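See below for the structure under consideration.
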Amino acid sequence: MGGQSPAFEDAVLELAGPRVCFVPTASRDEDSQLVRFYESFAGRAEASHISFNPWPRDDVREHVLGQDAVYVSGGNTANALAVWRAHGFDAVLREAWERGVLLCGWSAGMICWFEAGVTDSFGPQLEGMRDGLGFLPGSACPHYDVDELRRPVYRSLVGDGFPGGYAADDGAALHFVGTELREVIGARAGAAAYRVEAGSETPIAARLV
């Protein structure tokens with residue numbers, strides 16, 4: 001998803017179930033992110049989280065495999081991927097995905113699932129990153145309607161040989177079943193997603209929730 005939204009969190013519970021585990025690695029496990037997560041899901045979910053600082057819990061694999069959804073925060077995608085790989089958490093996430101656990105998130109938590117993505121992980125300039133988890137083929141770009149550099153940078157990258165893929169406005173979520181896009185969910189009127197290929201950009205209308 002392009003940006004954080006209460007409506008998106010409602011959709012997570014509807015699609016998955018009440019057991020939701022938050023992974024805020026990309027945001028450096030910030031207390032504010034954790035507080036917002038628990039406040040948002042209080043009273044309607046079995047909420048938990050996983051921190052890698054100073055190290056992950058001993059039962060991290062069993063805990064993740066027992067969830068209905070894993071919810072990844074925004075932040076620095078490259079840093080999160082490096083931490084996850086150092087602890088073998090990338091393999092845990094793949095096992096969870098293969099077992100049907102819903103994997104989701106916003107910004108960094110959107111692009112991490114793809115082979116590649118457009119990121120500001122390396123500085124304010126946007127760059128193409130090709131070492132995502134690769135559960136979904138191609139690339140992704142969040143914040144398409146709120147960051148004026150996203151569209152031209154993404155289209156230029158794809159035109160120069162970067163994998164094509166999907167862009168999402170803030171308030172638009174891409175719902176995949178397996179590796180196939182099932183639908184786009186809109187958390188606000190006008191939010192949309194786009195299929196971006198070399199020389200083309202095709203809007204995909206969202207179902208408003």
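The values are calculated or read from the model by the stated rules, or taken from the named source; none is laboratory data. As the structure is a prediction and not an experimental result, all values here were calculated from the model. Cβ sites come from the backbone with ideal geometry, for glycine too, and all protein chains shown count toward neighbours. Please note that ligands, DNA and RNA were not included when accessible areas were found on the heavy atoms of the full protein model with its side chains. Shrake-Rupley method; radii C 1.70, N 1.55, O 1.52, S 1.80 Å.
Note on the stretch 155-169: residues that are in contact with a Phe, Trp or Tyr (Cβ under 9 Å, 6 or more places away or on another chain), of a type in the set (D, E, K, R) and part of a helix (DSSP H, G or I) amount to 0.
Selection of the stretch 72-96 for residues being of a type in the set (V, I, T) and open to solvent by 40 Å² or more (accessible area, probe 1.4 Å) yields only V83. On the stretch given as the stretch 104-129, residues that are closer than 15 Å to F176 by Cα and open to solvent by 30 Å² or more (accessible area, probe 1.4 Å) total 1. Residue selection: A82 satisfies the criterion of being of a type in the set (G, A, S) and assigned to a helix (DSSP H, G or I).
Within the stretch 52-66, if we keep just the residues that are in contact with a helix residue (DSSP H, G or I) (Cβ under 6 Å, 6 or more places away or on another chain) and open to solvent by less than 30 Å² (accessible area, probe 1.4 Å), the residue that is farthest from V20 (Cα to Cα) turns out to be F52.
Scanning the stretch 97-119 for residues that are under 13 Å from A26 (Cα atoms) and in contact (Cβ under 8 Å) with a residue 40 or more places away in the chain gives G105, W106, S107, A108, G109, M110, C112, T119. Per the conditions (1) touching a helix residue (DSSP H, G or I) at 6+ places or on another chain (Cβ under 8 Å); (2) under 23 Å from R94 (Cβ atoms); (3) open to solvent by 10 Å² or more (accessible area, probe 1.4 Å), the sole criterion not satisfied by A140 is (3).
Against the test of being of a type in the set (A, V, I, L, M) and open to solvent by 60 Å² or more (accessible area, probe 1.4 Å), the options A42, A47, A69 yield a single qualifying residue, A42.
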